[in-house]
1. Taking R0 as 35 Å, what's the FRET efficiency between Val132 and Glu40 from their Cβ-Cβ distance, rounded to 0.05?
2. Take Thr29, Thr7, Thr122 and order them by how many other Cβ atoms sit within 10 Å, fewest up front.
3. So how do Ile49, Ile162 line up by other beta-carbon neighbours within 10 Å, fewest first?
4. For segment 87-163 and segment 1-38, what is the centre-to-centre distance using only Cα atoms, to the nearest Å?
5. Less than 29 Å apart at the alpha-carbon level, and either on another chain or at least 8 residues along: which lysines does that give for Lys82?
6. About the Cα centre of the chain, how large is the charge dipole given +1 on each Lys and Arg Cβ and -1 on each Asp and Glu Cβ? Please answer in debye to the nearest 20.
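Please treat every number below as a calculation from the coordinates, not as lab data. Quantities reported herein were computed from a predicted structural model and do not represent experimental measurements. Cβ atoms come from the backbone with ideal geometry, glycine included; neighbour counts cover every protein chain shown.
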Amino acid sequence: MNETLLTALALIPALVLAIVFHEVSHGWTALALGDPTAKERRRLSLNPIRHVDPVGTVLLPGILAMTGAPVFGWAKPVPVNKWRLNNPRFGMMAVAAAGPGSNLVLAAVGAVALGLVARGLTAPPEGALGVVLMSLNYFVLINIFLALFNLLPVPPFDGSHIVEGLLPAPAAEAYAKLRPFGFPLLFLLLLVIPWLFPGLGIVEKVVLPPVIWAQEQYLHLAWLVAGG
């Protein structure tokens, strides 16, 4: 099978699953803290069709992966009404943190599964087993990347809601005004500037180091589970 197609078959399902759990975690946390908006709009389902954005969840990540660019994507945001939360300031921080938190848990589950599948191997895996191990490795990496990427303090990412909740009220109000410019700023920082000025290494120096460090910790967990 073509290597690019094989990579896409391993990567895209992992990305969809990671994004779906990320979004549903926002909704369940909001419900637990008093906001039933996501439940009312039937967005607490694990059915990917309710969450997948054809462009942000499938098309764009696939293109980025095949071109060697940083892979990121998004789903249809789960609706949250901060004013229905029992404590809007704390609630929005908790709801925001729940998404990345779910991905870190999924990465741990993936690492354990990776270790169990690899247990007893004495030679490089081939065939279906090789595909399974590659898919699990991607699953761990994607969940780590999605968690840490979403913690960037750039609106509309989850990290921006956490920062906003930690700031004093006047500063939080000023910071919130950046929200409409979040996606243009993201594309500028991660795609346009690196393309125009490749020597700056924004992704390599800012985004990738913590991702690589976290991946090493999760792979060490897999190694322990495998009997290393």
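1. Working: r = 39 Å, r/R0 = 1.10.
With a Förster radius of 35 Å, E is 0.35.
2. Ordered from fewest to most neighbouring Cβ atoms within 10 Å, Thr29, Thr7, Thr122 come out as Thr122, Thr7, Thr29.
3. Ile49, Ile162
4. 10
5. Cross-link targets: Lys39, Lys177.
6. 640
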